[in-house]
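Just so you know, all these numbers are worked out from the coordinates, no wet-lab data involved. No experiment lies behind these values; they were computed from the predicted model shown. Here the Cβ is made from the backbone with ideal geometry for all residues, glycine too, and neighbour counts use every protein chain on show.
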Amino acid sequence: MNASDVKSLANAISAEISRAIVGKEETVRNTVLALLCGGHLLIEDVPGVGKTTLAKAISRAIGGEFRRIQFTPDLLPSDITGSSIYNQNTNEFEFRPGPLFANVVLVDEVNRATPKTQAALLEAMEERQVTSDGVTRPLPEPFFVLATQNNIEMTGTYPLPEAQLDRFFARVAVGYPSRSAEADILRNQQLTHPVDTLRQVASLSELVSAQGVCRSVHVHDSIREYVVDIVRSTRESSQLSLGASPRGSLNMLLAAQAHAAMKGLDYVRPDDVKEVAAIVLGHRIIVRGEVRARGTGGDQVVSQILNSVPAPTPVIV
């Protein structure tokens with residue numbers, strides 16, 4: 001598989017998902033981008049805009065196993081990772097896998113569970129394995145988590161601290177559809193839900209191969225330095241009280257590689273870095289209160305930084 005094959009695969013997956021998520025091409029493409037990077041996605045949005053539909057559509061398009069976990073304050077870590085149950089017939093304890101053992105996992109309202117359960121989820125996301133009763137068990141490949149947060153109702157929630165937000169590869173928002181798109185949604189769902197008609201357009205093995213191709217996309221030294229300059233600028237910005245971590249640099253470079261592969265290119269351009277900067281860095285920075293009061297958010301600060309950091313001359317290889 002090469003970059004051209006990745007482009008075809010990404011286009012096929014995006015087109016199939018877009019049959020269920022109408023009028024949100026950019027959100028769909030960014031979701032497929034995170035999938036190709038092997039990262040996990042944080043979706044912050046209001047209820048009813050299609051977050052669950054997006055997760056289901058991804059699992060249908062790649063033929064993966066789908067699980068949904070509703071996070072609540074009484075949810076225990078073992079409820080998501082699994083636990084050992086005593087079998088009276090064999091007189092032995094048997095491990096019952098939790099819902100994390102799937103290819104696509106939707107974690108609904110991740111900020112409503114206790115920090116202990118959140119930590120268990122994030123450990124599984126980072127290590128791609130769970131440990132129960134001293135035994136470590138790998139999670140399936142590919143393993144893709146979409147966690148949602150309702151940024152309107154915060155009462156009784158446990159907001160993710162910055163160190164845990166940093167574990168998410170990217171953050172996106174679905175947003176309300178346009179007037180014409182909403183009319184299409186009403187028309188399409190009058191008799192049946194579009195997700196039920198989606199078909200598999202890629203295999204899990206093809207997806208894993210595509211992830212490997214994305215990591216092998218050529219990166220010139222000037223591009224690496226460009227990424228470092230952008231991330232370091234977030235740490236030095238007077239508008240931010242917290243800048244992005246080195247993990248942000250790594251993830252932004254990988255996202256740029258995947259973005260280039262999705263264009264059919266085998267090398268990274270400065271424009272690839274610019275296109276992915278907001279979704280990779282936006283949740284990793286903290287905007288100062290007085291700056292937020294003026295209506296400036298994290299994405300706007302990232303955009304200003306991109307305008308201030310000189311981009312290298314594109315290198316064709």
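Shown for T53, T131: other C-beta atoms within 10 Å of each C-beta, ranked fewest to most, produce the order T131, T53. Taking every DSSP beta bridge that has both ends in region 1-145, the antiparallel portion is near 60%.
Summarising the strand pairing of the chain, around 40 percent of its internal DSSP beta bridges are antiparallel.
As an exercise, find the ratio Rg/Rh for region 98-257 from alpha-carbon atoms, using the Kirkwood inverse-distance average for Rh.
Working: Rg = 19.4 Å, Rh = 19.3 Å.
Using Cα coordinates only, the ratio equals 1.01.
For region 27-100, which GluC sites (Glu not before Pro) are both in a DSSP coil and crowded by at most 15 other Cβ atoms within 10 Å? Walk me through the intermediate numbers first.
Values: sites: E44, E65, E92, E94; in loops: E65.
Answer in residue order: E65.
Across T52, T192, T27, mean-square fluctuation computed from a Gaussian network of the chain (C-alpha pairs under 10 Å connected) peaks at T192.
Suppose the chain between Q300 and R19 were pulled fully straight at 0.36 nm per residue; how much longer would it get relative to their current alpha carbon spacing? Please report the intermediate quantities before stating the final value.
Values: separation 281, 0.36 × 281 = 101.16 nm, distance 3.06 nm.
Between Q300 and R19, full extension yields an extra 98.1 nm.
In a reduced charge model with +1 at each Lys and Arg Cβ and -1 at each Asp and Glu Cβ, the chain shows a dipole moment near 440 debye about its Cα centre. Here the residues D271, D108, D133, ranked from fewest to most Cβ neighbours within 10 Å of their Cβ, fall in the order D133, D271, D108.
Sorted on the mean count of surrounding Cβ atoms within 10 Å across their residues, most packed first, peptides 194-202, 275-283, 163-171 read 275-283, 163-171, 194-202.
What ranking do M262, M1 get, fewest neighbouring Cβ atoms within 10 angstrom at the top?
Values: M262 24, M1 14.
Arranged by neighbour count, lowest to highest, M262, M1 become M1, M262.
Positive end of the dipole of the chain (Cβ unit charges, origin at the Cα centre): among L281, V208, I85, the Cα lying farthest that way belongs to L281. Bin all alpha-carbon pair distances of region 217-308 at 5 Å intervals from 0 and give each bin's fraction as a whole percent. For region 217-308, the pair-distance distribution reads 3, 16, 27, 23, 15, 9, 5, 2, 0. For the pair region 1-30 and region 266-317, the centres of their Cα atoms are 23 angstrom apart.
Would you calculate, for the chain, the mean residue ellipticity at 222 nm contributed by helices, counting each DSSP H stretch of 4 or more residues as -39,500 (n - 2.57) and dividing by all residues, to the nearest 500?
Values: 13 runs with 146 residues, N = 317.
So the helix-based figure for the chain works out to -14000 deg cm²/dmol.
Taking Cβ atoms as reference points and 11 Å as the exclusive limit, the residues near A113 contribute a net charge of -2, counting Lys and Arg as +1 and Asp and Glu as -1.
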